[in-house]
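Colleague: Okay, here's the structure, questions in a sec.
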Amino acid sequence: MADNNTITLKTSKGVGAMLGAAFGDALGWPNERIAKSNASEQTQGRLHDFKRWTRRSGGRFFPHEEIIEEGEYSDDTQLILALSRSLQKGEAWWEHFTQVELPFWSVYERGGGGATKRSVESWLDGVKPWSPNRKPQDVKRYYDAGGNGVAMRVLPHILRLGEIEFPKIATNIFLDGIATHGHPRALLGALTYGFALWAAFRKDSKLAYGELVEELVKNVDIWSALPATPGIPPEWKSQAEKSLQDYMKLWGSAKAEVMEYLEACRAELSKGALSLDDDLLKKLQCFNSKISGAGTVAAIASVYLASRHAADPINGVVKAAFAIGSDTDTIASMTGGLLGCINGSDWLSPVKQGIQDAAYIEKNAFKLASGYIDDKPTHEVVKKSLLKNWVDDVVIAPDSSEVSLPDRRKAKVNRSRDYIGCSGKFKVEFRRFTTEDGQTIYLNKISKGDFGPITGNPKQANVSHQQSLAKSLGCGSKIPVDSFERAVWFYRDCLGLTVKKQSSDVVVFDQGLVLVPLSYTNNISQGIQLRAMLYIQATNIAERFRWVKESDLQIVSALATWGKSAISFFRCLDPDGNVVEVFSADGQ
């Protein structure tokens, strides 16, 4: 029986791994789609600080923007938590994961991968994604899916079963994996990463430099073995041979690929302080857009970074999160998970409070490590019709009302302002749910229709055409700038405005400000002097003043209160010399 010190250590590792994964996810997510040429924009302030950013969603037909607040996580952490809840169902975990958690995730996912979403569509129809009842091209696409969507979520298996031998865990990881992916790269990548987590989680003493890589090399026959037949549905295996033909040959090729990557890690780590992270990540194909999202690539990249930076874990996660051009959120999440298994949870003290749902994540880590079983009644299978009806109902639910989620948790609704597309042909309704156990879930419902070319709250959508003609259609400030890049950084990242539209000719913010090129003033008659003073209401004004001050922008009036009021304000010059008055939006 384990002594108290061992139990405390394992619990600390579990909490550190779960929070470390969420930390990496939230830190790396804003950098996921950024090109290497824009990397310099991402280095404002301390690198381990979370930032508020704008995410473009909806594709070409329903384009809209969504504000992602500091420390909010993406699909990586969402799926870790979904799997955690499933494993708490005991022997029924796989059914709960595929019939409840994955289908429900489809309506609140943030940044989910294509392969996972396609498989979830199949589960919503009540059909396994490898079923011969599906179209052959859909089954083939499933077996071709070799991305890191499996590896990113396997951590809960280790926290739940870390005390037993790896082959049993491997069977669970494999079953988890085939729920969404069929290619050896995805499944073997998950097994590789799972073994690294398992080795780090079980180790009671300090991990030696490069030891994790050596453990993988030494135990290749354990983690690379295809789980025994009883653990694999016979139908899945027969369909794999039909879709990919010599499946075991592909499995062997993926194994050889992993071993080649491990040897590259060995060589780089042997250089000690002279080793260069970016050089190794390049050798691992992390910056190759054609393969960078593979499960094998993410697994070994995270193993290397965790091995290299085990003594300085926050820096290890930062390295992954700012490896611009790679799959930053997933690699940083997986690196954070490993570093938590290595170091426990104390290293996360500087960032823990900023992580979305930190207390809820920690609670789930405790439940997994303690073997907690959720013995509540079996949940109803979540299918398309049920989910559609649920979404329609909760979108019209009053603000602050309580609703039931498809997984039977209770949650409180928060209604945000709706957005109507410029064409007036679609509307996005933003809802936030805070569950009774402490998770935050976002739902964005897109509806097609004739809503009129306006944006605003739900009441505005009902304004008649005649009424809208009687009003001005818009008002704002238009300023010429020398550099869109610098100006957008100032108004969006420093002062918190949100970009509504951006092109090579104009940048339009939701709040009414419009940026145009300096050449725009050529259209103004000579002799006319342009004069303007901008006024902005902002939250977190003390922090914004600090950002502006530390960015070497000129302060015109230091942070102070306005007259005899309690409102704080400051004045500064923007990068083009315009005077900007910034007032606190919260009266402080």
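Any read-out appearing in this document is the output of simple, stated calculations on the displayed coordinates, not a laboratory observation. If you're wondering where the values come from, they're calculated on a predicted model, not measured in any experiment. Heads up, the Cβs are rebuilt from the backbone with ideal geometry, glycines too, and the neighbour counts pull from every protein chain shown.
Colleague: ³J(HN,Hα) across segment 148-159 via Karplus (A = 6.51, B = -1.76, C = 1.60, θ = phi - 60°), whole Hz, x for Gly/Pro?
Modeller: Using θ = phi - 60°, the values come out as 8, x, 8, 4, 5, 10, 7, 3, x, 4, 6, 5 Hz.
Colleague: How large is Rg/Rh for segment 338-425, to two decimals, with Cα atoms and a Kirkwood Rh?
Modeller: Using Cα coordinates only, the ratio equals 1.10.
Colleague: Okay, moving on. Using the C-alpha atoms of segment 29-175, what convex hull volume per residue, in cubic angstrom, is computed? Mind dumping the intermediate values first?
Modeller: Details: hull volume 24.5 nm³, N = 147.
In segment 29-175, the Cα convex hull volume per residue is 167 Å³.
Colleague: Check which residues have an amide H placed less than 5 Å from residue 511's amide H, if you skip close sequence neighbours.
Modeller: 498
Colleague: Moving on to the next point. With N residues in the chain, what two-decimal value do you get for its Cα radius of gyration over 2.2 N^0.38 Å? Walk me through the numbers on the way to the answer.
Modeller: Values: Rg = 25.6 Å, N = 588, 2.2 N^0.38 = 24.8 Å.
Taking N as the residue count of the chain, the ratio is 1.03.
Colleague: Starting with the fewest neighbours, write out 216, 405, 47 ranked by other beta-carbon atoms found within 10 Å of each beta-carbon. Could the numbers behind the result be given before it?
Modeller: Working: 216 26, 405 19, 47 15.
So the ranking, lowest neighbour count to highest, is 47, 405, 216.
Colleague: Would you give the gap between the C-alpha center of segment 115-194 and the C-alpha center of segment 414-440, rounded to a whole Å?
Modeller: 31
Colleague: Show that you can apply the helix-only estimate: for the chain, add -39,500 (n - 2.57) for every DSSP H stretch of four or more residues, divide by all residues, and state [θ] at 222 nm to the nearest 500.
Modeller: Working: 22 runs with 244 residues, N = 588.
It comes out at -12500 deg cm²/dmol, rounded to the nearest 500.
Colleague: Something else now. Would you mind checking which residues have amide H under 5 Å from residue 51's amide H? H placed 1.01 Å from N; only 5 or more apart, or other chain.
Modeller: 71
Colleague: Now for a different question. Please list, by residue number, every one of the chymotrypsin sites (Phe, Trp or Tyr not before Pro) in segment 195-224 that is coil in DSSP and has at most 11 other beta-carbon atoms within 10 Å.
Modeller: Details: sites: 195, 198, 201, 209, 223; in loops: 209.
Sites meeting the loop and neighbour criteria: none at all.
Colleague: I would also like to ask the following. Size of the dipole of the chain about the Cα centre, Lys and Arg at +1 and Asp and Glu at -1 on the beta carbon, nothing else charged, in debye to 20?
Modeller: Numbers: 71 positive and 69 negative charges, 245 e Å.
Dipole magnitude for the chain comes out near 1180 debye.
Colleague: Got a sec? Charge dipole of the chain, +1 on Cβ for Lys and Arg, -1 for Asp and Glu; which of 414, 146, 79 is way out at the positive end?
Modeller: The listed residue farthest towards the positive side: 414.
Colleague: Eigenvalues of the Cα gyration tensor times 5, then square-rooted: what semi-axes does that give for segment 478-584, in whole angstrom, largest first?
Modeller: Numbers: eigenvalues 125, 50, 30 Å².
The three semi-axes for segment 478-584 are 25, 16, 12 Å.
Colleague: If you don't mind, there's one more thing I want to ask. Give the peptides 141-154, 383-396 in descending order of average Cβ contacts within 10 Å, highest first.
Modeller: Details: 141-154: 26.6, 383-396: 13.9.
Output ranking for 141-154, 383-396: 141-154, 383-396.
Colleague: Over all directions, what mean area does the Cα convex hull of segment 168-230 project, stated in square nanometres?
Modeller: 4.6
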